[in-house]
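Contents: one structure, followed by commentary.
The values are calculated or read from the model by the stated rules, or taken from the named source; none is laboratory data. These figures come from a predicted structure and were not determined experimentally. Note: ideal-geometry Cβ built from the backbone for every residue, glycine included; neighbour counts use all protein chains shown.
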Amino acid sequence: MISTVSTTPFSDQQPGTSGLRKKVRVFQQPHYAENFVQSVFDSLDGHAGQTLVVGGDGRYLNREVIQIVLKMAAANGFGRALVGQGGILSTPAASHLIRTSGAFGGLILSASHNPGGPDEDFGIKYNVGNGGPAPEKVTDAIAAHALVIDRYKILDARDVDIDAIGTSRLGDMAIEVVDPVAAYADLMESLFDFPAIRAQIAGGFTLALDSMSAVTGPYAVEIFERRLGAPAGTVLNGTPLPDFGHHHPDPNLVHARALHDRMMAPDAPDFGAASDGDGDRNLIIGRHCYVTPSDSLAVLAANAHLAPGYAAGLKGIARSMPTSGAADRVAEKLGIPLYETPTGWKFFGNLLDAGMATICGEESAGTGSDHVREKDGIWAVLLWLNILAVRKQSVAAIMADHWATYGRNYYARHDYEGIDKDCADALMVALRGKLGALPGTPNSGGTVKSADDFAYVDPTDQSVSRQQGIRILFDDGSRIIFRLSGTGTQGATLRVYIERYVGPKGELALATGDALAPLIAAAQEVADIAGHTGMDRPSVIT
Ligand code: VG1
Ligand code: CO
């Protein structure tokens, strides 16, 4: 029987950079998850009888919310739900499943790189039929429905068994519990030269892959240990845990410190990588050689043709605006277009669908291609391994060669976390007020060439997104970008992105902190970060 339950709106259900993310305790309020799920369904048109994909990264509350979603999907007229066994689907695997099953869309339950557990974070994200995150017009519609919702529909039924693969029914809706790994692993095998990678591993090439007790564990064990023959134990922290074993599943130099230290040790493996909570991010560290995500995007784009799936070359490259310009130089050399989008994967979908870009990336350790419509951590690791298997060089040698060819974009992101929201807003307002006066003015970073608030016009549908980050551009091509995070659940996080380009004949082996020191000082001068935040240094540097 379908119940229609009366409810009242919550004022804080506006999706951020990637879905709705809140503390678990916020989601545990009566009707909170139901309101948001109903708001998603209310914003859809034509979903009756169609398929919905449901899965998550296994974090605390995953199983409970999956039951709610299934009962609400049945009550709202979906014809079929595809669920990852145990409620597990990595974000890229969910994207693939949506695409191959012809689903109307999918609900991915994850707060991605945010920590999990009863006192940590949970999230819900809606993906559309192309497998990608809902574009802004959809997330705006969801937010509008959430503000006026007065009822939701749910089936009164027992919980569905999501642990046994097979089919069942929930009211009028069919349920299929599917293997979350096999189809995704097959897709990877279709894109990359598995025999070449397997031969290299058999020849003694060593790997360390940190799944951070999050969703990629089963995918990584299947792909790297079973299909590619890496020894058992290559995948570290390979069992998804509801609290990620207290890891903060954000693969950066702070939270993936253990992997970093192992890769810098005298007996380091040849190649290391880590992935995030929901499996869409990657961190690449070669033996004694950290690769910034922006550089990783550039190297992958420059060498993608070495992998069978990309042998025909790339149609274009897209990167988020704060991501360094390293990929731009590769695009220029390849004679293909480079698109600069706002932060968040939802802006890449249209470019990929239109066949305008093949590879996309973000400085936050997200890289992916047109094989799905999400960023994909394991994909990036496999493309690196394919390139290494063909070039037979170390990661460090490949980086040195890349910089000698294209020059080097020294790059860092400074995060100021847990700032009071009003202080963060005040900093941005003050900075916006100054933009007109900055050009022509010298500061510690050099002379400012232009300063603006990034706005994006989507070339496929002309939709406009404003206020996507304040950019301060210098005469020598250096940049400082300021924006506020849209994925946090506590206070505000200021992200400051700092970049300086040195040409192929310049100094290519500086320490990043030294190369960027004048720009870091300029960021302080221009934005008075310490004055607004009370913090004299960032909480995370990546
Ligand atoms: C961050 C990153 C952004 C990424 C987003 C979702 O957003 O900066 O590049 O797309 O997280 O990634 P923000 O608004 O906090 O800067 V994930 O792996 O958390 O889905
Ligand atoms: Co993620």
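Test of understanding: among ASP425, ASP452, which residue is in a helix (DSSP H, G or I) and among the acidic types (Asp, Glu)? Full working, then the answer.
Numbers: ASP452 fails: in a helix (DSSP H, G or I).
So the residue among ASP425, ASP452 that is in a helix (DSSP H, G or I) and among the acidic types (Asp, Glu) is ASP425.
Selection over the stretch 270-290 of residues that are among the charged types (D, E, K, R) and within 16 Å of ligand 1 (Cβ to nearest atom) gives a count of 4. The number of residues in the stretch 217-269 being assigned to a loop (DSSP other than H, G, I, E, B) and free of Cβ contacts under 8 Å to residues at least 12 places away in the same chain comes to 6.
Of the residues ARG99, ARG63, which is away from ligand 1 (no atom under 16 Å from the Cβ), under 16 Å from ASP280 (Cβ atoms) and either more than 17 Å from the chain's Cα centre (by Cα) or hydrophobic (A, V, I, L, M, F, W, C) (or both)? Can you show your working first?
Working: ARG63 fails: under 16 Å from ASP280 (Cβ atoms).
None of the other options fit; the residue is ARG99.
Just to be sure before I move on: is PRO240 within 16 Å of ligand 1 (Cβ to nearest atom), within 21 Å of VAL540 (Cβ to Cβ), touching a strand residue (DSSP E or B) at 6+ places or on another chain (Cβ under 8 Å) and assigned by TED's automatic domain parsing to the domain that holds ALA380 in the structure I sent?
Details: within 16 Å of ligand 1 (Cβ to nearest atom): yes; within 21 Å of VAL540 (Cβ to Cβ): no; touching a strand residue (DSSP E or B) at 6+ places or on another chain (Cβ under 8 Å): yes; assigned by TED's automatic domain parsing to the domain that holds ALA380: yes.
No, not satisfied.
Scanning the stretch 298-319 for residues that are within 16 Å of ligand 2 (Cβ to nearest atom), in contact (Cβ under 8 Å) with a residue 12 or more places away in the chain and not aromatic (Phe, Trp, Tyr) turns up nothing. Among the residues of the stretch 482-515, how many are in contact with a strand residue (DSSP E or B) (Cβ under 6 Å, 6 or more places away or on another chain), among the hydrophobic types (A, V, I, L, M, F, W, C) and more than 23 Å from LYS434 (Cα to Cα)? Going through the stretch 482-515 one residue at a time, the tally reaches 3. Against the test of being in contact with a Leu (Cβ under 7 Å, 6 or more places away or on another chain), in contact (Cβ under 8 Å) with a residue 12 or more places away in the chain, surrounded by fewer than 24 Cβ atoms within 10 Å (Cβ to Cβ) and not assigned by TED's automatic domain parsing to the domain that holds ALA256, the options LEU97, LEU82, LEU70 yield a single qualifying residue, LEU82. Within the stretch 471-479, can one find any residue that is at pLDDT 95 or above, surrounded by 13 or more Cβ atoms within 10 Å (Cβ to Cβ) and over 27 Å from GLY16 (Cα atoms)? Looking through the stretch 471-479, at least one residue is at pLDDT 95 or above, surrounded by 13 or more Cβ atoms within 10 Å (Cβ to Cβ) and over 27 Å from GLY16 (Cα atoms).
Just for the stretch 475-495: of the residues that are more than 19 Å from the chain's Cα centre (by Cα) and in a loop (DSSP other than H, G, I, E, B), which one is farthest from ligand 2 (Cβ to nearest atom)? Among them, the one singled out is ASP475. Being in the same structural domain as GLU189 (by TED's automatic domain parsing), within 18 Å of the chain's Cα centre (by Cα) and under 30 Å from TYR60 (Cβ atoms), is that true of even one residue in the stretch 291-299? There is at least one residue in the stretch 291-299 that is in the same structural domain as GLU189 (by TED's automatic domain parsing), within 18 Å of the chain's Cα centre (by Cα) and under 30 Å from TYR60 (Cβ atoms). Among the residues of the stretch 260-276, those identified as closer than 22 Å to PRO538 by Cβ and either crowded, with 24+ Cβ neighbours inside 10 Å or in contact with a helix residue (DSSP H, G or I) (Cβ under 9 Å, 6 or more places away or on another chain) (or both) are ALA274, ASP276.
Would you mind stating whether THR8 is hydroxyl-bearing (Ser, Thr, Tyr) and within 16 Å of ligand 1 (Cβ to nearest atom)?
no
Within the option set GLY102, GLY117, GLY204, GLY87, being in contact with a Pro (Cβ under 8 Å, 6 or more places away or on another chain) and on the phi > 0 side of the Ramachandran plot holds for one residue only, GLY117.
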